[in-house]
1. Within segment 108-125, track down each residue that is assigned to a helix (DSSP H, G or I) and surrounded by fewer than 21 Cβ atoms within 10 Å (Cβ to Cβ).
2. Of all residues in segment 25-64, which are under 15 Å from L102 (Cα atoms) and modelled with pLDDT of 85 or more?
3. Among all residue pairs at least 6 apart or on different chains, which show Cβ distances below 8 Å where the first residue, located in segment 118-145, is hydroxyl-bearing (S, T, Y) and the second is in a loop (DSSP other than H, G, I, E, B)?
4. Which residues, taken from segment 49-66, are in a loop (DSSP other than H, G, I, E, B) and more than 11 Å from ligand 2 (Cβ to nearest atom)?
5. Contact list please: Cβ distance under 7 Å, first residue in segment 30-43 and within 15 Å of ligand 2 (Cβ to nearest atom), second residue at pLDDT below 85, pairs at least six apart or on different chains.
6. Across segment 10-31, what is the total count of residues that are within 16 Å of ligand 1 (Cβ to nearest atom) and in a loop (DSSP other than H, G, I, E, B)?
7. Being over 17 Å from the mean Cα position of the chain (by Cα) and in a helix (DSSP H, G or I) is the filter; apply it to segment 67-100 and report the residue that is nearest to ligand 2 (Cβ to nearest atom).
8. Looking at (1) of a type outside the set (F, W, Y); (2) modelled with pLDDT of 95 or more; (3) over 22 Å from G40 (Cα atoms); (4) within 16 Å of ligand 1 (Cβ to nearest atom), find the lone condition where V108 falls short.
Amino acid sequence: MTHDPQNPLNGKALIGSLATFLRNAAKISAANPDSHTPCGSCDTCCHSVFTRISLTPEEQARFGVAFFDMTEKGRCPYMGDKGCEIYAQRPQTCRMFDCRQLTACEVVREEIGGIPPLPNPQLYALAQKWAFKPLTAEDRLAAKAWVEAINWAAASLQKDGVTVEVMAVIGRALKRHPDLVKTGKR
Ligand code: SF4
Ligand code: SF4
């Protein structure tokens, strides 16, 4: 298929509305550790996007390591030729990762401002895989609430002495997010 180079959504996968996405992501984050990202054949995040996969205390005990460090070839040690070798038992970090959340951050930063750019080119490239519909008034309300939630999450992680890492910030922001999306204020 030939893509229209003028089309801003050229070559990107459509997500839908920002407000709906954030609302669903918050619900999933509260109730269920699986993100349900429509990954298709993509396995980028099992390669070199992250240098290590963090594990819960229970997973550390189960796997006998504190992290999954990427191999020198930039692959998760459990990434086999046919995909994840421990898929049914994969860590919570893998279950919850949803690169569309990075797109939400990037779109909100571009449209509303108030949150920093993604910290590295690999994360930025993941964010660029997807596109939201043009923002409506409801989306803009959700976007403003998302800025508040992200900034609150970054500050609260810092206060707790936890490493302020982008997915940790998003994870904490989502836990406070449902009411913000509904009302636009705390
Ligand atoms: S979460 Fe994103 S980067 Fe990871 S496998 Fe799915 S689509 Fe690819
Ligand atoms: S454990 Fe499986 S899903 Fe998680 S990074 Fe490794 S190969 Fe990917």
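The values are calculated or read from the model by the stated rules, or taken from the named source; none is laboratory data. Note that the coordinates shown come from a computational prediction; the quantities given were computed from them, not determined experimentally. Here the Cβ is made from the backbone with ideal geometry for all residues, glycine too, and neighbour counts use every protein chain on show.
1. Correct list: R109, E110, E111, P121, Q122, L123, Y124, A125.
2. Scanning segment 25-64 gives A25, A26, T37, P38, C39, T44, C45.
3. Matching pairs, first to second residue: Y124/P117; Y124/L118; T136/S17.
4. T51, T56, G64, V65, A66
5. Filtered contacts from segment 30-43: S35/I28; H36/I28.
6. Count: 2.
7. Top of the filtered list is Y87.
8. Single failed check for V108: (4).
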